[in-house]
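Asker: The structure follows.
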Amino acid sequence: MLRFVTAGESHGKCLVAILEGLPAGVPVDLSAIEAEMKRRQWGYGRGPRMQFETDRVEIVSGLRRGKTLGSPLAMEIANKDCSIDRLPAVTQPRPGHADLTGAMKYDHRDIRNVLERASARETAARVAVGAICKQVLSRLDIELASHVVALGSVRAKPIPATVKQLRAKADPTPLRCLDPQATKQMIRLIDAAVKAGDTLGGVFEVVVEGAPPGLGSYVHYDRRLDAILGRAILAIHAVKAVEIGDGTLAASLPGSKVQDEIFYKKRTGFYRSQNRAGGFEGGMTTGQPIIVRGFLKPLSTLRKPLRSVEINTKKPVVATVERSDVTTVPAAGVIGEAMIAFELAKACLEKFGGDSLRELTRNHQGYLRQVSQF
């Protein structure tokens, strides 16, 4: 079974990720991993740390001569700022963060013990894991990309795009948004938030192409792949809601306007003329593009801090101010890609099996032939 764990603190020596369950023989492109790390750091509204951290991934085990061995893959990302032991104690919790509850749970009197691990810095390790999983998926002709569809009160107009078009058009923009007019409005909104000492949330969308029908299962709640992807997206810092396909809109419409009708052509087989379900029926992929959106709340660390209580004296104070971003919605989309790439790679390995890449791809091709003949 494919799984991963991460370790490390925001201002500790490094971040570490261990990815276990990869088949042997997968070629690993280190430059592609580095490109993913840069994508996570990019975006208008990011904080000062992104200006001096250059995340480089060192693979320290599980790889030989550029290919996976089938053993656990261990990756290390060094932190340039590793001043954790010199930083002052924190006793003024930030509303909306893990600070107070984490300190109560683990009985810490220095909230820094909580915030250093709860920090979104940890997601750099997840992106490294996702970059490897993307390289596995590409061998199965599964590709994915993300873009920003809303930031604060500004929503981009819908612009249909393939994964290839998303990569080409969204990534070079300041906010990874396809709508140029909305991008300008979003930038003005961020500039205003900077002046006000405030933060902004928003919505990112991840699109997946090439997933075959039948990943996931309807037979148990914990095997429904749409639910698994929902959990993976909710595990991203500041994400408070997830939508698949026309999820929220569908709740207000009659069934006749929501379901994706089924058609058949002898040459191409079964198909649907629309994709309101976002690529899922009964917890399984339908073969259509997977569409998942993550909704971020505004970030918890404010330059003009909110009211709080000092944990020792219990007296009213303002919350601690830590170095932070104004918005991370573009970066959250990249993290969303990584999380979905991991879960899809895991679903593919569960479905098709194989201890080597050759076995995996052979099983995958056999299944595609079977489905095409249904």
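The values are calculated or read from the model by the stated rules, or taken from the named source; none is laboratory data. Bear in mind the structure is a predicted one, so any value in this text is a computation, not a measurement. Using ideal geometry, Cβ is built from the backbone for each residue, glycine included, and neighbour counts are taken over all protein chains shown. Calculation scope for accessible area: heavy atoms of the full protein, side chains included, ligands and nucleic acids excluded. Shrake-Rupley method; radii C 1.70, N 1.55, O 1.52, S 1.80 Å.
Asker: Positive end of the dipole of the stretch 244-374, charges at C-beta (+1 Lys, Arg; -1 Asp, Glu), about the Cα centre: which of Val317, Ala331, Ser256 has its Cα farthest in that direction?
Answerer: Farthest towards the positive pole: Val317.
Asker: Could you tell me the ratio Rg/Rh of the stretch 243-304? Both radii from Cα atoms, Rh via Kirkwood.
Answerer: 1.20
Asker: Using a Cα-Cα cut-off of under 20 Å, which lysines could be cross-linked to Lys346, ignoring same-chain neighbours fewer than 8 residues away?
Answerer: Lys67, Lys134
Asker: Quick one: how many lysine pairs does the stretch 154-271 have with C-alpha atoms less than 28 Å apart and a gap of 8 or more or different chains? Give me the count, please.
Answerer: Step by step, the pairs that qualify in the stretch 154-271 add up to 15.
Asker: Expressed in whole Å with the largest first, what are the equivalent ellipsoid semi-axes of the chain derived from the C-alpha gyration tensor as the square root of 5 times each eigenvalue?
Answerer: 36, 26, 19
Asker: Taking amide H atoms as placed 1.01 Å from N in the peptide plane, list the residues 5 or more away in sequence, or in a different chain, whose amide H sits under 5 Å from that of Ser61.
Answerer: Those qualifying (amide H under 5 Å, at least 5 residues apart or on another chain) are Ala74.
Asker: Considering only protein heavy atoms, what per residue accessible area in square angstrom results for the chain with a 1.4 angstrom probe?
Answerer: 50
Asker: Determine ³J(HN,Hα), in whole Hz, for all residues of the stretch 204-209 in sequence, where each value follows from phi through the Karplus function 6.51 cos²θ - 1.76 cosθ + 1.60 and θ = phi - 60°; x replaces Gly and Pro.
Answerer: Working through the residues one at a time gives 10, 10, 10, 10, 10, 10 Hz.
Asker: What list of ³J(HN,Hα) couplings, whole Hz, do you get for the stretch 182-195 from phi and the Karplus terms 6.51, -1.76, 1.60, once you set θ to phi - 60° and write x for glycine and proline?
Answerer: 5, 4, 4, 5, 5, 5, 4, 5, 5, 4, 5, 5, 4, 5
Asker: At Phe270 and Arg64, where each label point lies 7 Å from the Cα along Cα→Cβ, what is the point-to-point distance in nanometres?
Answerer: Label-label distance for Phe270 and Arg64, simple model: 4.4 nm.
Asker: Sticking with this structure for a sec: Just from its helices, what would the mean residue ellipticity at 222 nm be for the chain, if runs of 4 or more DSSP H residues each count -39500 (n - 2.57) and the sum is divided by every residue, rounded to the nearest 500 deg cm²/dmol?
Answerer: Value at 222 nm, helices only, nearest 500: -10000 deg cm²/dmol.
Asker: Suppose accessible area is computed on protein heavy atoms with a 1.4 Å probe; arrange Tyr106, Tyr271 from highest to lowest.
Answerer: Descending order: Tyr106, Tyr271.
Asker: Checking a compactness column here: for the stretch 150-271, what do you get for Rg(Cα) / (2.2 N^0.38 Å), N being the number of residues?
Answerer: The stretch 150-271 yields a ratio of 1.33.
Asker: Ignoring any ligand, DNA or RNA, what whole percent of the accessible area of the chain comes from carbon and sulfur when the probe is 1.4 angstrom?
Answerer: 54
Asker: What ratio of Cα Rg to 2.2 N^0.38 Å holds for the stretch 20-169?
Answerer: Ratio of Cα Rg to 2.2 N^0.38 Å: 1.29.
Asker: Suppose R0 equals 45 Å; then what is the FRET efficiency for Arg307 and Ala161 from their Cβ-Cβ distance, rounded to the nearest 0.05?
Answerer: 0.55
Asker: Same structure, new question: Would you grab the residues whose amide H sits under 5 Å from the one on Leu151? Only those 5+ places off in sequence or on another chain, please, with H modelled 1.01 Å from N.
Answerer: Ala156, Val203
Asker: With viscosity set to 1.002 mPa s and temperature to 20 °C, compute the Stokes-Einstein D of the stretch 311-374, Rh being the Kirkwood radius across alpha carbon pairs; µm²/s, no decimals.
Answerer: For the chosen part, D equals 131 µm²/s.
Asker: Please give the helix 225-234 orientation as an angle from the longest Cα principal axis of the chain, in degrees from 0 to 90, rounded to the nearest 10.
Answerer: 20
Asker: Whole-Hz ³J(HN,Hα) for each residue in the stretch 296-302, computed from phi via Karplus 6.51 cos²θ - 1.76 cosθ + 1.60 with θ = phi - 60°, x for glycine and proline: what do you get?
Answerer: Whole-Hz 3J(HN,Hα) from phi for the stretch 296-302: 9, 6, x, 5, 7, 8, 10.
Asker: Amide H neighbours of Leu178 under 5 Å, counting only residues 5+ apart in sequence or on other chains, H built in-plane at 1.01 Å?
Answerer: Val148
Asker: Just need the Rg to Rh number for the stretch 225-374, please, alpha carbons only, Kirkwood Rh.
Answerer: The Rg/Rh ratio comes out at 1.14.
Asker: Another question about this same structure. Counting other Cβ atoms within 10 Å, keep those with at most 11, restrict to DSSP loop, and tell me which trypsin sites (Lys or Arg not before Pro) in the stretch 1-74 are left.
Answerer: In loop regions of the stretch 1-74 (DSSP not H, G, I, E or B), the sparsely surrounded trypsin sites (Lys or Arg not before Pro) are Arg65.
Asker: Taking the alpha carbon gyration tensor of the stretch 82-123, what are the square roots of 5 times its eigenvalues, largest first, to the nearest whole Å?
Answerer: In descending order, the three semi-axes are 15, 13, 9 Å.
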